[in-house]
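The block underneath contains the structure these notes are about, expressed in structure tokens.
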Amino acid sequence: MNIYNYTIKQLEDYFISKGEKKFKATQVFEWLYQKRVKSFDEMTNIKKEVISYLKEDFKINSLEILTKQEDVDVIKYLFKLEDNNKIEAVLMKHDYGNSLCVSSQVGCNMGCRFCESGRLKKVRNLNTSEMVLQLLKIEEDLNIRISHLVLMGIGEPFDNYENVINFIDIINTPKGIALGSRHITVSTCGIIPKIKEFIKDGKQVNLAISLHASNDKLRNELMPISKVYKLDDLMKTIKEYIKQTNRRVTFEYILLKGINDRYENAIELSKLLKGMNCYVNLIPYNETSHIEFKKSDQDTILKFYDTLKKNNIGVTIRREFGKKVSAACGQLRANYKEE
Ligand code: SAH
């Protein structure tokens, strides 16, 4: 078992089962995530006997960087997993820090029409360690600290719920990487039962919902998952989330030319979100050669923004990253050719 799969609680339980004090887990976490050692032998304050059974029970694995592409303020990584599957992660440099976009699955089964990842069906879930290692490898490669993390790479995080929650737990652990909850965002296309579970779990991280349309008809056309989880039920669940957590929700809304970017769409969206503790993140569509959708004109984007503003909806326009490096989900992997 790769040790990066273990939360501190799981490691504590492991040590307790070995008749040790649970504090050993904290020590191991400090070695792994603060000092970043790559072998058990380097954990010099842990006695030999413990090291020897740690070596038997665990591995300290890594992740291979296959290629990376750099553009202004953005670096896109392609990693190779142990079973030869490939995943992507994107590092974005903002004025407030370094933000990392991690993948949660190999491929994705949600099938959103505009998304490159949807064309590559889900091969498998990533395990927790494969998410942790995206962060560790990139920090090591660039010799930087990542200050913000978004689960917005390839995959649907709530279709890999347990591993994602454990991943969040690990990077959030104070004696480990200690990334603050408010600097972590998980994004979902709206899997209602998992949002309900997420409310119960009480994680303090941010929740983003990929909305992209403000009525069922259009949303069904863009996002097949919407046929299973209707907009009305989704909104009820999100209102419940806001009530229970007191947290502001982000709605992601990709602007697709002539599809969901009209004045009427903005009005309908404003009505849908009226009075909610939320804001809308308008995403200029990242065009891909395989998919026919086009990006809305700059003028249309600004008008859409203004209409939401006038209707008292909090709104931002996402800064565009990585045009040259095909930063949209799945693009690097889709275009990668084996030598
Ligand atoms: N499955 C999750 C997270 C991954 S996608 C979700 O649906 O939220 C992260 C965000 O990128 C989603 O809002 C998704 O709809 C959006 N996205 C996908 N393809 C895109 C593209 N080509 N251009 C811009 N945004 C895109």
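Result for the chain in a Gaussian network model with C-alpha springs under 10 Å: among 280, 74, 37, the largest mean-square fluctuation is at 37.
Packing here is the average count of other Cβ atoms within 10 Å per residue, and on that basis the peptides 220-230, 13-23, 202-212, highest first, run 202-212, 220-230, 13-23. What percent antiparallel are the DSSP beta bridges of the chain, to the nearest 5? About 50 percent, rounded to the nearest 5. When the chain is treated as a Gaussian network with alpha carbon springs shorter than 10 Å, the biggest mean-square fluctuation among 110, 152, 276 belongs to 276. Each of residue 39 and residue 257 was given a label point 7 Å from its Cα along the Cα-to-Cβ line. The distance between the two points is 5.7 nm. Inter-part distance, region 268-298 to region 1-74, computed on C-alpha centroids, equals 41 Å. Of the trypsin sites (Lys or Arg not before Pro) found in region 70-175, those in coil by DSSP whose Cβ has at most 13 other Cβ atoms within 10 Å are 121, 145.
Normalised by residue number, the volume inside the convex hull of the Cα atoms of the chain is 139 Å³ per residue.
Across region 87-180, the convex hull enclosing all Cα atoms gives 96 Å³ per residue. The helix-based estimate of mean residue ellipticity at 222 nm for the chain, built from -39,500 (n - 2.57) per DSSP H run of four or more residues and divided by its residue count, is -10500 deg cm²/dmol to the nearest 500. Region 130-170 and region 204-265 have Cα centres separated by 24 Å. Of the cross-linked pairs 227/274; 68/175; 76/243; 68/196; 257/309; 200/239, those separated by over 26 Å at the C-alpha level are 68/175; 76/243; 68/196.
Every read-out reported here was derived from the displayed coordinates using simple, explicitly stated rules and does not represent laboratory data. The structure presented is a predicted model; accordingly, all values stated were derived computationally and were not measured. Note: ideal-geometry Cβ built from the backbone for every residue, glycine included; neighbour counts use all protein chains shown.
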